[in-house]
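Chemist: I am attaching a structure below and will ask some questions about it afterwards.
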Amino acid sequence: MTDIDGISSEGLTAASLDGRLFQFAGLAESTEPGEIVLLHGPGGVVQVGQVDEVDFSFEGALRGSGRILGVVSDEAGFDSRHSYAFAVAAMTDADGATVEAIHESSGATLEIGSYLASAEIPARLLPHRFNRHTFWVGQSGSGKTYALGVVLEQLLIHTALPMVIFDPNADFVRLREIAAGAGESDAAGAIANRDIRILRPSSPDPDSLRVRFVDLPMAAKGAVLHLDALDDRAEFNELVHLEETLGTLGPEAIVPRLLERGTPAAQALAARIENLRVTDWRVWAGELRAVTDIVDTRPDATVLDLGGFADPDESLVVAMAVLDDLWAKREQRRPILIVIDEAHNLCAPEQNSPLHVAVRERIVQIAAEGRKFGLWLLLSTQRPSRIHSSIISQCDNIALMKMTSPLDLDELATIFGFVPAAMLARSPGFRQGEALFAGGFVPAPTMVRIGTRLTREGGADVRVPVRDE
Ligand SMILES: Nc1ncnc2c1ncn2[C@@H]1O[C@H](COP(=O)(O)OP(=O)(O)OP(=O)(O)O)[C@@H](O)[C@H]1O
Ligand SMILES: [Mg+2]
C-alpha cells in the first residue's frame, strides 16, 4: 500500500477544510453514525470527531462525514473550545478513556447505560443541562418509562434537583424500593437516603393525593364546573361570590349554601355541581393534606399516582392544582423538574374539555416561559403529534427510542434540526431499551443501550397466562 505523508491508505483517512466538519474515506471493517473517533493529524495533534454519515460500497470502501468535537492531549485531556483544519489525518476508533475524558470535561456524570456501539463504554448525561425542557419519545413498549426511571434515579443520586412525577400508570410508585441485585451498591444507598414521597388516591394521610378546591384559581374552579366566565355569566358570578365565604370547604359544602341563597343562578349552579357529580370525587382534600402543600416542602421526588382515580377529570384537577401552584410561585425561582409520563394525557392538541384546555395552556406557558424561573419540563409520549406543537418546539433535549413511523421521524427531524439525520434513521431498528440522546444534556448525540434500574418498576407489562403442560 502507498503512503500519504506517512499515513497508510489501509484504514480510514480524514480531511477537514474548516476545522469543524470532516470527510473520510478508506478501507475498514465498519464505522457507524454516532461513533466517536480519533483524528491523528500532522504534528501529533489528535482531535476527537463524531461520525454523522457513512456510505458503504461492496468493494469494501467506506466514505462518510462527521463533526470535530475538540482536541485531546495527554496533558490537558479533552478541550472542546479548539479544533483545527487538516489536510490529512488517520482516523481510528476512540477508546473508552477518550470518551470518559469528554464526559469529564463536560461534567457528564449521570451514567444511564452504555454506548450502543461499544458495551464497555459508559454513556452519560449532563445533570446541569436538565435546566432545559426535554422531550422523550418512542412507540409503545420501546422502553420509555423504564429508561425514564433510570435517568430519574441518576438525577436523585447526583443532584439536589427536586422533581414532581406525573405518573398515570403507577409505574413509579415503587421508586423508593431498591431492586433485588442493587441492594448493596453506593448508588442504591444514596437513593435510600432521599426524601421520596409517593402520593396515591387510596393512601391514608399524609400520603393521599388530594387537592383543595378553594386553593384552585378561579379559572380552574370554573373549568372543573365547565363554566365560562362570559358564556355562563350568572353562574360564574355566583361562584365568585361564594368564593369569599367558602373557607376550607370542598364542593360538597357548596350545594347547601347555594340552595340557601335561592337565586335562579345559585340554583342552576347547584344543579350543575350535582349533575357533574364533582362532589363525589375522591380528589378533594377536606381535612387531609393537599398535594400542593407537600410539593411545596420540596421532597427530592414526589410521585403523583394519577391512575388511581375513578374519574379522569380528577387527575386533570391534580395536574391543574400542582402546575398552577408552581406557576403562581415562579418568582421564588426554586428549580424543579416536572416529569410527565404519557404527557398526551395532559397536553394533547385535540382535547377540548375546559379542564384539558386549562391544563394544556398552563403547560404551554411553562414551556415558553418557565425555564428562567426554574420550571423545567420532561415530557414523555409515543408520537410527536400527540403533544401540542408549541410545547415540543420549546424542548432543547431529546431522547428518542424505537419509532418506526417515517412521518413521525420526519416531524422530529424538522423540530430537532440538531440531531444528525443518519442517527435519527437508526431509530426504527432500535431494540427495546435502546435510545438516541441529543441536545444540551449529552456532550454529543449518542446512541445508548439503557442500563438496569436500581429501584423497582411499578406497573410492568401484564403477561398472557400460560397453562402448564
Ligand atoms: N432497558 C430495559 N431493560 C429491561 N427491561 C426493559 C427495558 N426497557 C423496557 N423494559 C421492559 O419492557 C416493558 C415495556 O417497557 P416500558 O413500559 O418502559 O415501555 P414504554 O415505552 O413506556 O411503553 P408505553 O408507551 O406503552 O408506556 C416493561 O415491562 C419493562 O420492564
Ligand atoms: Mg410508558
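Just so it is clear, none of the values below were taken in a lab; they were calculated from the coordinates. Computed from a predicted structure; not experimentally measured. Every residue, glycine among them, receives a Cβ derived from its backbone with ideal geometry; neighbour counts consider all protein chains shown.
Chemist: Restrict the search to region 18-107; then list the GluC sites (Glu not before Pro) that DSSP places in a loop and that have at most 14 other Cβ atoms within 10 Å of their Cβ.
Modeler: Those that pass, being in a loop and sparsely packed, are E29, E59, E75.
Chemist: Can you tell me how much longer the chain between E75 and A187 gets when fully stretched, taken as 0.36 nm per residue apart minus their C-alpha distance, in nm with one decimal?
Modeler: Gain on stretching E75 to A187: 37.2 nm.
Chemist: Next question. What trypsin sites (Lys or Arg not before Pro) does region 64-131 have in DSSP loop regions with at most 15 other beta carbons within 10 Å?
Modeler: R81
Chemist: Quick one: Cα centre-to-centre distance for region 207-235 and region 263-317, in angstrom?
Modeler: Result: 10 Å between the Cα centres.
Chemist: List F58, F22 from most exposed to least, where exposure is judged by having the fewest other Cβ atoms within 10 Å.
Modeler: With the sparsest Cβ surroundings first, the list reads F58, F22.
Chemist: In terms of modelled amide H atoms, which long-range or inter-chain residues lie less than 5 Å from the amide H of G34?
Modeler: V51, D52
Chemist: Follow-up question, since we're still on this one. Compute the Kirkwood hydrodynamic radius of region 3-104, taking the inverse of the mean of 1/r over all pairs of distinct Cα atoms, and give it in Å to one decimal.
Modeler: It is 13.5 Å.
Chemist: Can you list residues from other chains, or at least 5 along the same chain, whose modelled amide H is less than 5 Å from the amide H of F22?
Modeler: Those lying under 5 Å, H to H, from F22 are G66, R67, I68.
Chemist: Now, a different point. How do S315, S353, S208 rank when sorted from fewest to most other Cβ atoms within 10 Å of their own Cβ?
Modeler: Listed from fewest to most nearby Cβ atoms, that is S353, S208, S315.
Chemist: For region 215-280, just say rounded, prolate or oblate: build the C-alpha gyration tensor, square-root its eigenvalues into a ≥ b ≥ c, call rounded for a/c under 1.5, and beyond that prolate if a/b exceeds b/c, oblate if not.
Modeler: Verdict is rounded for region 215-280.
Chemist: Could you point to the residue in A268, H344, A321 farthest towards the positive end of region 211-365's charge dipole, with +1 and -1 charges on the Cβ of Lys/Arg and Asp/Glu respectively?
Modeler: A321
Chemist: Taking 7 Å along the Cα-to-C-beta vector as the label spot, tell me the K329-A413 distance in nanometres, rounded to one decimal.
Modeler: With each label placed 7 Å out from Cα toward Cβ, I get 4.5 nm.
Chemist: Continuing with the same structure: Can you compute 3J(HN,Hα) from phi for each residue in region 91-100, using the Karplus curve 6.51 cos²θ - 1.76 cosθ + 1.60 with θ = phi - 60°, rounded to whole Hz and x for Gly and Pro?
Modeler: Values per residue, Gly and Pro as x: 10, 10, 5, 6, 8, x, 5, 5, 4, 5 Hz.
Chemist: Of W136, W284, W327, how do they rank once you tally other Cβ atoms within 10 Å and put the fewest first?
Modeler: Listing W136, W284, W327 from fewest to most nearby Cβ atoms yields W327, W284, W136.
Chemist: I would also like to ask the following. Do any GluC sites (Glu not before Pro) in region 279-360 lie in a loop, going by DSSP, with at most 14 other beta-carbon atoms within 10 Å of their beta carbon, and if so which?
Modeler: E287, E350
Chemist: Can you run phi through the Karplus equation (6.51, -1.76, 1.60; θ = phi - 60°) for region 57-65 and list ³J(HN,Hα) in whole Hz, with x for Gly and Pro?
Modeler: Per residue, the Karplus-derived 3J(HN,Hα) values read 10, 6, 6, x, 7, 10, 9, x, 8 Hz.
Chemist: Please find the FRET efficiency linking A421 to A310, where r is the Cβ-Cβ separation and R0 is fixed at 45 Å, and quote it to the nearest 0.05.
Modeler: E(calc), rounded to 0.05, equals 0.45.
Chemist: Can you compute the modelled spin-label distance between E59 and A85, with each label point 7 Å from Cα toward Cβ, in nm?
Modeler: 2.9
Chemist: Next question. What ³J(HN,Hα) values, in whole Hz, does the Karplus curve 6.51 cos²θ - 1.76 cosθ + 1.60 give for region 235-244 when θ = phi - 60°, with x put for Gly and Pro?
Modeler: 5, 4, 5, 4, 5, 4, 5, 4, 2, 5
Chemist: Take L17, project a point 7 Å from its Cα along the Cβ direction, then tell me which residues of region 67-109 have their backbone nitrogen under 17 Å from it.
Modeler: 67-68, 84-89
Chemist: What dipole magnitude, in Debye to the nearest 20, does the chain give about its Cα centre under +1 on Lys/Arg Cβ and -1 on Asp/Glu Cβ?
Modeler: Taking the Cα centre of the chain as origin, the dipole is about 940 debye.
Chemist: Hey, another quick one. If amide H atoms are built 1.01 Å from N in the plane of the peptide, which residues on other chains or at least 5 residues away come under 5 Å of the amide H of E177?
Modeler: Those qualifying (amide H under 5 Å, at least 5 residues apart or on another chain) are R456.
Chemist: Sort region 348-469 into rounded, prolate or oblate with this rule: let a ≥ b ≥ c be the square roots of the eigenvalues of the Cα gyration tensor; rounded if a/c is under 1.5, and if a/c is not under 1.5, prolate when a/b is larger than b/c, oblate otherwise.
Modeler: oblate
Chemist: In addition: Run the simple label-point estimate for R257 and S393 please: 7 Å along Cα→C-beta, distance reported in nm.
Modeler: 4.2
Chemist: Still on this model: For S118 and V45, FRET efficiency with R0 = 30 Å and r from the beta-carbon atoms, rounded to 0.05?
Modeler: About 0.80, to the nearest 0.05.
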